[in-house]
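Here the structure comes first, spelled out in structure tokens, and everything after it is commentary.
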Amino acid sequence: MPTQLIDLDCLPASTWKNGGGSTRQLAIHPPQASLDDFAWRISCARVSGAGPFSAFPGIQRSLALLEGELLLQRQSGMTTLCAGGESLDFPGEEPISATPLAGEVLDLNLMSRRAEWQQGLSSWLLHGEMPLTELAEVRLLLCSAGLLRVRLQDGRAFSLHPRQALLLNDEPGELHLHGQQAHCYLGLLRRLS
């Protein structure tokens, strides 16, 4: 299905083996792929305890927060991510430890095979109308606050409330966005070859 409306709260949650959180998978490609052989994957995780990130050699990762505040300990120093802030891009093999700072956090995680895909995850604050002209094989709009209306080039329209996402797979043309005090994350995945 090229276009999919996703409600995060309706997705099944998989509890982590270490008990420090759970993950809800929004999409994976190919559809039957596992964590060992996916081309790309989009997920949200509820993190309740401190611990290291899983290693994903050869994978590029982009991480943003939908709720809470997260302290990341990296080899290059400390980084803090906040809900609604910019995302952090890093290689999946980089050793990182995370500590939620004020209770649980909810994150958005975009991952892809570095040799096959180019990815980006950006934070957008919208009030009013705006065209989205960035094209990619896969586009994700995830609303984290307010109300976001999305109109596709063919006229189909979607309304996104907080914790809802629109996944567009091989959907051509620009999008028309209208936000009412809306904050969203835009994820882009472009095939390299």
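Quick look at the values:
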| read-out | value |
| --- | --- |
| Conditions (1) over 22 Å from L166 (Cβ atoms); (2) surrounded by fewer than 18 Cβ atoms within 10 Å (Cβ to Cβ); (3) out of contact with any strand residue (DSSP E or B) (no Cβ under 6 Å at 6 or more places or on another chain); number of the one not met by S14 | (3) |
| When residues of region 48-63 are limited to those that are open to solvent by less than 20 Å² (accessible area, probe 1.4 Å) and of a type in the set (A, V, I, L, M), the one nearest to the chain's Cα centre (by Cα) | L63 |
| Some residue of region 78-85 being without any contact (Cβ under 8 Å) to a residue 12 or more places away in the chain and either open to solvent by less than 50 Å² (accessible area, probe 1.4 Å) or not in a strand (DSSP E or B) (or both) | yes |
| Matching residues, region 64-77, being crowded, with 16+ Cβ neighbours inside 10 Å and either part of a loop (DSSP other than H, G, I, E, B) or over 15 Å from the mean Cα position of the chain (by Cα) (or both) | G68, E69, L70, L72 |
| Residue check for A39: modelled with pLDDT of 95 or more, touching a strand residue (DSSP E or B) at 6+ places or on another chain (Cβ under 7 Å) and more than 26 Å from T79 (Cβ to Cβ) | yes |
| Residues located in region 34-72, provided they are aliphatic (A, V, I, L, M), in contact with a Leu (Cβ under 8 Å, 6 or more places away or on another chain) and closer than 24 Å to L168 by Cα | I42, A45, L63, A64, L65, L66 |
| Qualifying residue in region 103-115 (condition: modelled with pLDDT under 95, small (G, A, S) and open to solvent by 50 Å² or more (accessible area, probe 1.4 Å)) | no |
| Members of region 153-168 found to be open to solvent by less than 60 Å² (accessible area, probe 1.4 Å) and modelled with pLDDT under 95, listed by number | G155 |
| Residue in region 130-144 that is surrounded by the fewest Cβ atoms within 10 Å (Cβ to Cβ), counting only those that are part of a strand (DSSP E or B) and at pLDDT below 95 | P131 |
| Residues (assigned to a loop (DSSP other than H, G, I, E, B), of a type in the set (D, E, K, R) and closer than 23 Å to V47 by Cβ) located in region 92-129 | E93, E94, E104 |
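The values are calculated or read from the model by the stated rules, or taken from the named source; none is laboratory data. Because the structure is predicted, anything quoted here is derived from the model rather than measured. Neighbour counts run over all protein chains shown; Cβ positions are idealised from the backbone, glycine included. Heads up: the accessible areas ignore ligands, DNA and RNA and are worked out on the full protein's heavy atoms, side chains in. Shrake-Rupley method; radii C 1.70, N 1.55, O 1.52, S 1.80 Å.
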